[in-house]
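Below: the structure, in structure tokens.
The values are calculated or read from the model by the stated rules, or taken from the named source; none is laboratory data. Quantities reported herein were computed from a predicted structural model and do not represent experimental measurements. As a convention, Cβ positions derive from the backbone with ideal geometry for all residues, glycine included, and neighbour counts pool all protein chains shown.
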Amino acid sequence: MFDLIDNIETILPVYLLVFVRLTTMMIIMPIFSHALINNRFRSLIAFSFALIIGSSLSNSTDLNINSIWEFALLVITESLLGFILGFGTKIVFEAFSVAGSMIGLQMGIAYANIIDPTTRQQVPIVSQFLMLLAILFLFATDGHLFLIETMVRHFEIIPLGLNQLSDQTGQAIISGGSMMFLKGLQFAAPAMIMLLLIDTGIGFMARVMPQMNIFFVALPIKIGVGIIMLIFSVNIFQSMFDVIFNDLTIITNELISSFRI
């Protein structure tokens, strides 16, 4: 008891910095950033993890904080690190949002937007459907356990107060962004090709039968074919999700390794 009081100046900053890093990660990380998880519950989760992780780091971490300004700089650094790690896990799931935007554009319902509870912004309805499906698959494949393990185990590689940005960090983020568009295009390709063929057939019908109101016929056909293609896409969603989940682990490990000194 008295030892805790005597060492409170060295123990308390460790717990606070762990809490700051975990909180900023949860603000962006999938599942934890969902609007249904309010800020109080999110803070409670981060506080619980901070108590567990901080107890193992308090004896082995020496921050050497001499002023409040040094501590404020550490808080900013840990916040930036948490945002980067959370962004690394979030960017992979944006591939489904990109795929939904491409499919919705070809279906003619690109302006049919709804509010995304995660980002609190308007997104195409197809993108929201694919994102919810991806979250369901994440729980089904125990992917949420990987996110929790990432939040806990990365402190072994990135100690408090000793992290730094490097060229590898930027390269990992850029490769994740390029992978996001590539996987989104690959997932949306079957539906886009089918809808392109439908557009070609509709254009041929418009030339053969000019008296037909092509705009009245084209939109229901494209929406119907698009929905059918989405139903068939669910069958290949599992194999596609396995590939994207593998990319999630690779990008997350690259980001964590890029902070290692």
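Condition first: aliphatic (A, V, I, L, M) and either within 29 Å of L73 (Cβ to Cβ) or without any contact (Cβ under 8 Å) to a residue 24 or more places away in the chain (or both). Now tell me which residues in the stretch 154-181 satisfy that.
Hits for the stretch 154-181 are I157, I158, L160, L162, L165, A172, I173, I174.
Against the definition (farther than 29 Å from I76 by Cα, at pLDDT below 80 and not in a helix (DSSP H, G or I)), how does Q211 come out, yes or no?
In short, yes.
Hey, can you tell me all the residues within the stretch 35-44 that are surrounded by fewer than 17 Cβ atoms within 10 Å (Cβ to Cβ) and in contact (Cβ under 8 Å) with a residue 12 or more places away in the chain? Reasoning before the result, please.
Step one: filter the stretch 35-44 for residues surrounded by fewer than 17 Cβ atoms within 10 Å (Cβ to Cβ), giving 35-41, 43-44.
If the condition is that a residue be surrounded by fewer than 17 Cβ atoms within 10 Å (Cβ to Cβ) and in contact (Cβ under 8 Å) with a residue 12 or more places away in the chain, then A35, L36, S43 are the ones that fit.
Would you mind finding the one in I115, I31, I52, I37 that is out of contact with any Ser or Thr (no Cβ under 6 Å at 6 or more places or on another chain), among the β-branched types (V, I, T) and at pLDDT 80 or above?
On inspection, the qualifying residue turns out to be I52.
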